[in-house]
1. Is there a quick way to get the dipole size of segment 22-123? I mean about its Cα centre, with the Cβ of Lys and Arg at +1 and of Asp and Glu at -1; what is the value in debye to the nearest 20?
2. Can you work out the Karplus-derived ³J(HN,Hα) for every residue in segment 135-148? Use 6.51 cos²θ - 1.76 cosθ + 1.60 with θ = phi - 60°, whole Hz, and x for glycine or proline.
3. Mean residue ellipticity at 222 nm from the helices of the chain, using -39,500 (n - 2.57) per DSSP H segment of n ≥ 4 over the full residue count, to the nearest 500 deg cm²/dmol?
4. Over all alpha-carbon pairs in segment 1-120, figure out the percentage whose distance exceeds 21 Å.
5. Which of rounded, prolate or oblate describes segment 25-78 when judged by the alpha-carbon gyration tensor and an a/c cut-off of 1.5?
6. Where nothing but the Cβ of Lys and Arg (+1) and of Asp and Glu (-1) is charged, how large is the charge dipole of segment 70-131 around its Cα centre, in debye to the nearest 20?
7. What's the magnitude of the charge dipole for the chain around its Cα centre, counting Lys and Arg as +1 and Asp and Glu as -1 at the beta-carbon? Answer in Debye, nearest 20.
8. Work from the charge dipole of segment 48-159 (Cβ charges, +1 for Lys and Arg, -1 for Asp and Glu, about the Cα centre) and give the residue of Q137, N48, A77 farthest towards its positive end.
Amino acid sequence: MVGAESVKPVGETNFDVADQLASLGMEAIHPRAAAGLRESGIELQIKNTFEPDHDGTLISENYTSEDENVEIVAGKAKVHALQLFDQTHACHIDRVSLDLMTIIEPMSLEVISKEMTANSLTYYLNGSATAIDKVKQQLKLNYPDAQVSCRVVSMVSAIGTKIDSTETLSIGTKALAEAGISPVALHAPVRNVSVQYVVEEDEYQQALGVVHHALCEPKQESLGLKGAA
């Protein structure tokens with residue numbers, strides 16, 4: 001999507017990064033399997049059947065990059081942003097969050113990310129539109145005074161074993177703005193492993209390329225390499 005000349009294999013990473021990729025539907029290893037390997041102290045070497053001589057990627061529990069940098073830019077198109085706004089539960093929206101999860105779990109929907117304010121919840125979900133509609137209907141029954149809405153967006157995520165979330169957020173947002181893309185939402189967790197840029201549904205491929213170019217390629221160019229992960 002960003003051009004074969006702009007990428008290179010990720011030689012080494014950790015299970016935390018693998019978990020972030022799995023949340024986007026890119027399962028190098030299933031999170032439950034990864035948990036077993038971590039507990040047993042077993043490293044995982046992923047190789048390409050068609051390139052048996054290539055070292056591939058080593059995933060371990062304790063690996064951390066020496067420098068603060070983004071190792072991979074990934075993402076997911078067609079993410080459902082389900083939002084509930086309810087002022088009758090202001091400052092107690094965490095209780096609504098627990099109820100919402102009991103509705104979501106039986107629907108085979110995957111939670112990618114979420115936002116919470118004093119009176120609103122937004123869950124970013126992967127799954128069928130039919131399941132989303134059922135959740136919306138149940139929420140409207142449970143919370144008749146709330147505003148329940150859903151829109152389809154796309155998510156681009158910058159991931160690494162050790163990144164500067166503030167700098168990553170700033171550089172990526174500036175690059176998107178210069179490309180004429182205004183993010184719908186931005187997420188920079190305290191744990192410095194990923195930064196997420198939520199964009200309009202039809203801006204996914206362009207946004208992915210812009211963020212990759214801004215965060216991955218400059219470092220590789222300075223090292224004399226052709227591309228980044």
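1. 560
2. 5, 4, 4, 5, 4, 5, 6, 6, 10, x, 8, 8, 9, 10
3. Rounded to the nearest 500, the figure is -10000 deg cm²/dmol.
4. Roughly 57 percent, rounded to a whole number.
5. Numbers: a/c = 1.16, a/b = 1.07, b/c = 1.08.
Rounded.
6. Magnitude of the dipole: close to 160 debye.
7. About 680 debye.
8. Value computed over the given set: Q137.
The values are calculated or read from the model by the stated rules, or taken from the named source; none is laboratory data. None of the values given here were measured: they were computed from a predicted structure. Neighbour counts are summed over all protein chains in view; Cβ atoms, including those assigned to glycine, are modelled from backbone coordinates with ideal geometry. These accessible areas exclude ligands, DNA and RNA; they are computed on the full protein's heavy atoms, side chains included. Shrake-Rupley method; radii C 1.70, N 1.55, O 1.52, S 1.80 Å.
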